[in-house]
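The values are calculated or read from the model by the stated rules, or taken from the named source; none is laboratory data. Quick caveat, the model's predicted, so the values are computed rather than measured. Here the Cβ is made from the backbone with ideal geometry for all residues, glycine too, and neighbour counts use every protein chain on show.
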Amino acid sequence: MGPIAARIDTTISEQAQQQATRDSLLLEKREAETQRAAIHGQDDAAIAEANRQVAIAQMSGAIERYVKLRVSTRMLRWAIDRYREEKQDPLLKRAGQIFSTVTLGSYTGLTVDYDGDRPLLKGRRPDGKHVGVEGLSSGTRDQLFLALRIAALEQHLASGGSAHPGHLPDASHSFDFDRSGKGGNGPQRRRS
(Lines give C-alpha, C1' and ligand atoms only; values in the text may rest on other atoms or scores of the structure.)
Protein backbone atom coordinates (compact mmCIF):
# COMPACT_ATOMS: atom_id res chain seq x y z
CA MET A 1 0.00 0.00 0.00
CA GLY A 2 3.00 2.32 0.49
CA PRO A 3 3.75 2.77 -3.24
CA ILE A 4 0.10 3.44 -4.06
CA ALA A 5 -0.25 6.01 -1.28
CA ALA A 6 2.99 7.67 -2.46
CA ARG A 7 1.64 7.71 -6.02
CA ILE A 8 -1.57 9.36 -4.82
CA ASP A 9 0.43 12.01 -2.96
CA THR A 10 2.55 12.63 -6.07
CA THR A 11 -0.54 12.81 -8.28
CA ILE A 12 -2.25 15.26 -5.90
CA SER A 13 0.90 17.41 -5.84
CA GLU A 14 1.13 17.36 -9.64
CA GLN A 15 -2.57 18.21 -9.83
CA ALA A 16 -2.04 21.26 -7.58
CA GLN A 17 0.90 22.38 -9.73
CA GLN A 18 -1.13 22.00 -12.91
CA GLN A 19 -3.99 23.96 -11.38
CA ALA A 20 -1.57 26.76 -10.42
CA THR A 21 -0.17 26.76 -13.98
CA ARG A 22 -3.70 26.89 -15.40
CA ASP A 23 -4.57 29.84 -13.15
CA SER A 24 -1.39 31.64 -14.17
CA LEU A 25 -2.14 31.08 -17.86
CA LEU A 26 -5.69 32.34 -17.43
CA LEU A 27 -4.28 35.51 -15.87
CA GLU A 28 -1.83 35.91 -18.76
CA LYS A 29 -4.71 35.45 -21.22
CA ARG A 30 -6.73 38.16 -19.50
CA GLU A 31 -3.74 40.52 -19.51
CA ALA A 32 -3.14 39.80 -23.20
CA GLU A 33 -6.77 40.53 -23.99
CA THR A 34 -6.57 43.78 -22.03
CA GLN A 35 -3.42 44.78 -23.91
CA ARG A 36 -5.05 43.92 -27.22
CA ALA A 37 -7.99 46.15 -26.44
CA ALA A 38 -5.60 49.01 -25.70
CA ILE A 39 -3.61 48.60 -28.91
CA HIS A 40 -4.72 50.62 -31.93
CA GLY A 41 -2.17 49.77 -34.62
CA GLN A 42 -2.42 46.83 -37.05
CA ASP A 43 1.03 45.43 -36.20
CA ASP A 44 0.51 45.69 -32.45
CA ALA A 45 -2.90 44.07 -32.77
CA ALA A 46 -1.40 41.16 -34.74
CA ILE A 47 1.30 40.66 -32.09
CA ALA A 48 -1.28 40.80 -29.32
CA GLU A 49 -3.45 38.27 -31.16
CA ALA A 50 -0.45 35.97 -31.60
CA ASN A 51 0.31 36.26 -27.87
CA ARG A 52 -3.33 35.47 -27.11
CA GLN A 53 -3.22 32.38 -29.33
CA VAL A 54 -0.01 31.22 -27.60
CA ALA A 55 -1.65 31.72 -24.19
CA ILE A 56 -4.71 29.75 -25.32
CA ALA A 57 -2.52 26.91 -26.60
CA GLN A 58 -0.55 26.81 -23.33
CA MET A 59 -3.77 26.90 -21.34
CA SER A 60 -5.21 24.02 -23.36
CA GLY A 61 -2.14 21.91 -22.62
CA ALA A 62 -2.31 22.73 -18.92
CA ILE A 63 -6.02 21.89 -18.79
CA GLU A 64 -5.41 18.58 -20.55
CA ARG A 65 -2.66 17.66 -18.05
CA TYR A 66 -4.90 18.75 -15.16
CA VAL A 67 -7.79 16.56 -16.38
CA LYS A 68 -5.47 13.57 -16.83
CA LEU A 69 -4.10 13.98 -13.31
CA ARG A 70 -7.59 14.38 -11.87
CA VAL A 71 -8.80 11.21 -13.61
CA SER A 72 -5.65 9.33 -12.53
CA THR A 73 -6.21 10.36 -8.90
CA ARG A 74 -9.81 9.13 -8.95
CA MET A 75 -8.85 5.86 -10.63
CA LEU A 76 -6.10 5.23 -8.05
CA ARG A 77 -8.52 5.89 -5.18
CA TRP A 78 -11.09 3.56 -6.76
CA ALA A 79 -8.43 0.84 -7.23
CA ILE A 80 -7.28 1.16 -3.61
CA ASP A 81 -10.86 0.96 -2.31
CA ARG A 82 -11.60 -2.05 -4.50
CA TYR A 83 -8.38 -3.80 -3.42
CA ARG A 84 -9.17 -3.20 0.25
CA GLU A 85 -12.69 -4.54 -0.21
CA GLU A 86 -11.53 -7.67 -2.09
CA LYS A 87 -8.70 -8.42 0.34
CA GLN A 88 -10.75 -7.69 3.43
CA ASP A 89 -10.00 -9.87 6.40
CA PRO A 90 -12.54 -12.75 6.69
CA LEU A 91 -13.17 -11.79 10.32
CA LEU A 92 -14.06 -8.22 9.32
CA LYS A 93 -16.20 -9.45 6.44
CA ARG A 94 -18.17 -11.82 8.71
CA ALA A 95 -18.49 -9.14 11.42
CA GLY A 96 -19.88 -6.81 8.73
CA GLN A 97 -22.51 -9.37 7.77
CA ILE A 98 -23.52 -9.81 11.41
CA PHE A 99 -23.53 -6.03 11.94
CA SER A 100 -25.83 -5.61 8.95
CA THR A 101 -28.19 -8.22 10.38
CA VAL A 102 -28.34 -6.81 13.91
CA THR A 103 -28.87 -3.26 12.60
CA LEU A 104 -31.63 -4.48 10.26
CA GLY A 105 -29.77 -3.15 7.23
CA SER A 106 -29.11 0.32 8.63
CA TYR A 107 -25.50 -0.60 7.92
CA THR A 108 -24.52 -2.91 5.07
CA GLY A 109 -21.13 -3.90 6.38
CA LEU A 110 -17.83 -2.76 7.79
CA THR A 111 -14.78 -1.25 6.19
CA VAL A 112 -11.35 -0.16 7.28
CA ASP A 113 -10.23 3.31 6.28
CA TYR A 114 -6.80 4.77 6.96
CA ASP A 115 -5.76 7.99 8.62
CA GLY A 116 -2.15 7.91 7.44
CA ASP A 117 -0.98 4.48 8.59
CA ARG A 118 -3.59 4.20 11.36
CA PRO A 119 -6.55 1.93 10.45
CA LEU A 120 -10.03 3.18 11.36
CA LEU A 121 -13.05 0.85 11.55
CA LYS A 122 -16.19 2.30 9.95
CA GLY A 123 -19.73 1.14 9.32
CA ARG A 124 -20.96 1.35 5.72
CA ARG A 125 -24.43 2.82 5.17
CA PRO A 126 -26.67 1.59 2.30
CA ASP A 127 -25.96 4.87 0.45
CA GLY A 128 -22.22 4.08 0.54
CA LYS A 129 -21.31 6.64 3.20
CA HIS A 130 -19.02 5.50 6.00
CA VAL A 131 -19.59 6.24 9.67
CA GLY A 132 -16.73 5.99 12.16
CA VAL A 133 -17.17 4.30 15.53
CA GLU A 134 -17.29 7.72 17.18
CA GLY A 135 -20.29 8.63 14.99
CA LEU A 136 -22.38 5.62 16.08
CA SER A 137 -24.95 5.76 18.85
CA SER A 138 -23.94 3.86 21.97
CA GLY A 139 -26.47 1.11 21.17
CA THR A 140 -25.22 0.73 17.60
CA ARG A 141 -21.64 0.78 18.90
CA ASP A 142 -22.52 -2.11 21.23
CA GLN A 143 -24.06 -3.96 18.28
CA LEU A 144 -20.83 -3.41 16.35
CA PHE A 145 -18.72 -4.80 19.18
CA LEU A 146 -21.11 -7.73 19.56
CA ALA A 147 -20.82 -8.45 15.82
CA LEU A 148 -17.02 -8.37 16.10
CA ARG A 149 -17.07 -10.70 19.11
CA ILE A 150 -19.45 -13.17 17.45
CA ALA A 151 -17.31 -13.22 14.29
CA ALA A 152 -14.15 -13.75 16.39
CA LEU A 153 -15.84 -16.55 18.34
CA GLU A 154 -17.02 -18.21 15.11
CA GLN A 155 -13.49 -18.02 13.74
CA HIS A 156 -12.08 -19.37 17.01
CA LEU A 157 -14.53 -22.29 17.00
CA ALA A 158 -13.89 -23.02 13.30
CA SER A 159 -10.17 -23.31 14.02
CA GLY A 160 -10.85 -25.98 16.68
CA GLY A 161 -11.01 -23.74 19.75
CA SER A 162 -13.48 -24.29 22.55
CA ALA A 163 -16.28 -21.96 23.53
CA HIS A 164 -16.00 -20.20 26.86
CA PRO A 165 -18.92 -18.36 28.38
CA GLY A 166 -16.71 -15.32 28.98
CA HIS A 167 -16.25 -14.73 25.25
CA LEU A 168 -19.62 -13.04 24.84
CA PRO A 169 -20.67 -10.50 27.46
CA ASP A 170 -24.23 -9.19 27.49
CA ALA A 171 -23.92 -6.04 25.39
CA SER A 172 -27.67 -5.62 24.95
CA HIS A 173 -28.04 -3.20 27.86
CA SER A 174 -27.65 -0.22 25.52
CA PHE A 175 -28.80 -1.62 22.16
CA ASP A 176 -30.94 0.44 19.88
CA PHE A 177 -34.14 -1.19 21.15
CA ASP A 178 -36.38 0.37 18.54
CA ARG A 179 -34.36 -1.40 15.88
CA SER A 180 -33.64 -4.60 17.80
CA GLY A 181 -37.29 -4.97 18.86
CA LYS A 182 -38.54 -5.16 15.26
CA GLY A 183 -39.62 -8.59 14.16
CA GLY A 184 -40.80 -9.53 17.64
CA ASN A 185 -37.71 -11.44 18.67
CA GLY A 186 -35.47 -8.68 20.06
CA PRO A 187 -35.29 -7.49 23.64
CA GLN A 188 -37.86 -4.93 24.63
CA ARG A 189 -37.26 -1.94 26.87
CA ARG A 190 -39.91 -1.18 29.39
CA ARG A 191 -41.27 2.27 29.01
CA SER A 192 -42.15 4.10 32.16
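Among residues of region 102-119 being over 12 Å from the mean Cα position of the chain (by Cα) and part of a strand (DSSP E or B), the one that is surrounded by the fewest Cβ atoms within 10 Å (Cβ to Cβ) is Arg118. Selection within region 64-101: residues that are surrounded by 13 or more Cβ atoms within 10 Å (Cβ to Cβ) and aromatic (Phe, Trp, Tyr). The member of this set that is modelled with the lowest pLDDT is Tyr66.
Would you mind stating whether Gly160 is touching a Phe, Trp or Tyr at 6+ places or on another chain (Cβ under 6 Å), more than 26 Å from Arg82 (Cα to Cα) and at pLDDT 50 or above?
Details: touching a Phe, Trp or Tyr at 6+ places or on another chain (Cβ under 6 Å): no; more than 26 Å from Arg82 (Cα to Cα): yes; at pLDDT 50 or above: yes.
It is false that Gly160 is touching a Phe, Trp or Tyr at 6+ places or on another chain (Cβ under 6 Å), more than 26 Å from Arg82 (Cα to Cα) and at pLDDT 50 or above.
Restricted to region 120-151, and to residues that are part of a loop (DSSP other than H, G, I, E, B) and of a type outside the set (Gly, Ala, Ser), which residue is surrounded by the most Cβ atoms within 10 Å (Cβ to Cβ)? It would help to see each step written out before you state the result.
From region 120-151, those part of a loop (DSSP other than H, G, I, E, B) are 125-129, 136-137; that's our starting set.
With of a type outside the set (Gly, Ala, Ser) added as a condition, the list becomes 125-127, 129, 136.
Values: Arg125: 15, Pro126: 11, Asp127: 6, Lys129: 9, Leu136: 18.
Residue satisfying both the conditions and the ranking: Leu136.
So for region 30-48 (the condition being at pLDDT below 85, assigned to a helix (DSSP H, G or I) and either among the aromatic types (Phe, Trp, Tyr) or on the phi > 0 side of the Ramachandran plot (or both)), does at least one residue qualify? There is no residue in region 30-48 that is at pLDDT below 85, assigned to a helix (DSSP H, G or I) and either among the aromatic types (Phe, Trp, Tyr) or on the phi > 0 side of the Ramachandran plot (or both).
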